[in-house]
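Bear in mind that the values in this text are calculations on the coordinates, not laboratory data. In this text the structure is predicted, and so the values were computed from the model without any measurement. For neighbour counting, all protein chains shown are included, and Cβ atoms are generated from backbone atoms with ideal geometry for every residue, glycine included.
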Amino acid sequence: MSSDTSSVITRTDVQRMRVLAATQVCPSFVRITLTCADSTPFHGQGFDQWLRLFIRREDQAKLSLPEGPCEGWYTRWQKMDEAIRPVVRNYTIRDVRYAANNVEVDIDFVIHRNPVSGGVEGLAAQWALRTWPGDEVGVLNQGLIFDASRATGRDVLLLADETGLPGVESIARSLSGAASVRAILEVPTLQDRRPLIDAVSGGQMDVTWLTRDDLHARPGSAIKAALPQITWPADGYAYATGEISMTRAVQKAADTAGMPDGQARTCAYWRPSRKRG
Ligand SMILES: Cc1cc2nc3c(=O)[nH]c(=O)nc-3n(C[C@H](O)[C@H](O)[C@H](O)COP(=O)(O)OP(=O)(O)OC[C@H]3O[C@@H](n4cnc5c(N)ncnc54)[C@H](O)[C@@H]3O)c2cc1C
């Protein structure tokens, strides 16, 4: 088993997009629909295509971007004056729709809360709650992490906490030719279980929902608790995304179960802040 964070990257420039809609889809998710005229970065991608998302801080009157190509974006961003430098965070595309003159992209933001105060924390989660149609963002395409070539003809097992759920949906919809697809999906509350856009084999993904229902429980903890009961796809492909201690635990469990090297992969999407322990 290997931990893989490498991506297939289609090189593109930092691109300006506009918020078309902001919708609270369930208690822990706000869906932001973005639009722009140039659909180039989204063609032929699907799966878990992810983006660097540049957003305006609340004290910034307008959005400034590290304009230019993917190469060197970080240096350009670092060199921006602190007063105008945007917040940058990583997000997955849940869905893409094409029209004659524009493209629409859905991104699902987890509204995560401080386990002690209960307040919404994180600049991106807070932005998702306050943004409005017409607001601008910058996006930089980062390509795919899921390796579809390893899924062909095989039994696929997807594991994700809430941050990985949008990616699982898009993977399931993009995947064709897998022998079977199972998903173990962890969400904060019962109300966060929602209809999925999986169209794999006409919606044949076998889904097991796990719910924490405890503000103090760390995301990923329900999957970690369920690991001893998981049946691994012996010659298949397992892929896990979410909180780092969960993805590490999945990696270890799959190794112990004897999953062949490279056929079980993980990507840590976020880590708890050190201050919190
Ligand atoms: C490739 C990739 C794809 C991703 N796709 C998505 C996606 O589609 N949707 C999505 O919501 N997230 C996604 N993430 C995770 C997202 O980038 C992080 O959760 C990010 O830290 C959120 O930024 P923030 O400004 O809200 O919080 P930050 O300012 O980064 O963090 C503030 C505090 O909140 C904690 N924290 C951060 N995220 C969470 C969380 N989810 N739950 C609980 N506590 C948290 C931090 O540890 C810190 O203490 C993805 C990450 C990667 C690497």
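Some points to look at:
- When Leu123, Leu65, Leu158 are sorted by how many other C-beta atoms sit within 10 angstrom of their C-beta, beginning with the fewest, the order is Leu123, Leu65, Leu158.
- Candidate cross-link partners of Lys79 among the aspartates and glutamates, defined by an alpha-carbon separation under 17 Å and a same-chain spacing of 8 or more, comprise Glu67, Glu71.
- With the convex hull drawn over the C-alpha atoms of segment 122-241, the volume per residue is 136 Å³.
- Applying 1/(1 + (r/R0)^6) with r as the Cβ-Cβ distance of Gln191 and Leu123 and R0 = 30 angstrom yields a FRET efficiency of 0.75.
- Calculated [222 nm] ellipticity per residue, helices only, for the chain: -4500 deg cm²/dmol; basis is -39500 (n - 2.57) per DSSP H run with n ≥ 4, divided by all residues, nearest 500.
- Partner aspartates and glutamates whose Cα lies under 15 Å from the Cα of Lys62, excluding those fewer than 8 positions away in the same chain, are identified as Asp81, Glu82, Asp135, Glu136.
- Relative contact order, percent, segment 145-277 [alpha-carbon distance under 8 Å, six or more residues apart]: 26 percent
- Residues of segment 103-140 with amide N under 11 Å of a point placed 7 Å along Cα→Cβ from Arg16: 136-138
- Distance distribution P(r), the chain, all Cα-Cα pairs, bin width 5 angstrom from 0: 1, 6, 12, 17, 19, 17, 14, 9, 5, 1, 0 percent.
- Rg(Cα)/(2.2 N^0.38 Å) for segment 1-159, N = residue count: 1.09
- Fewest neighbouring Cβ atoms within 10 Å first, the residues Lys79, Lys224, Lys62 line up as Lys62, Lys79, Lys224.
- Pairwise label distance in nanometres, Ala99 with Thr152, each label 7 Å out on the Cα-Cβ vector: 3.6 nm
- Residues of segment 235-251 with an amide N closer than 15 Å to a point placed 7 Å from the Cα of Arg271 along the Cα-to-Cβ direction: 242-249.
- Nitroxide proxy distance, nm - points 7 Å out along Cα→Cβ at Ser176 and Ala217: 3.8 nm
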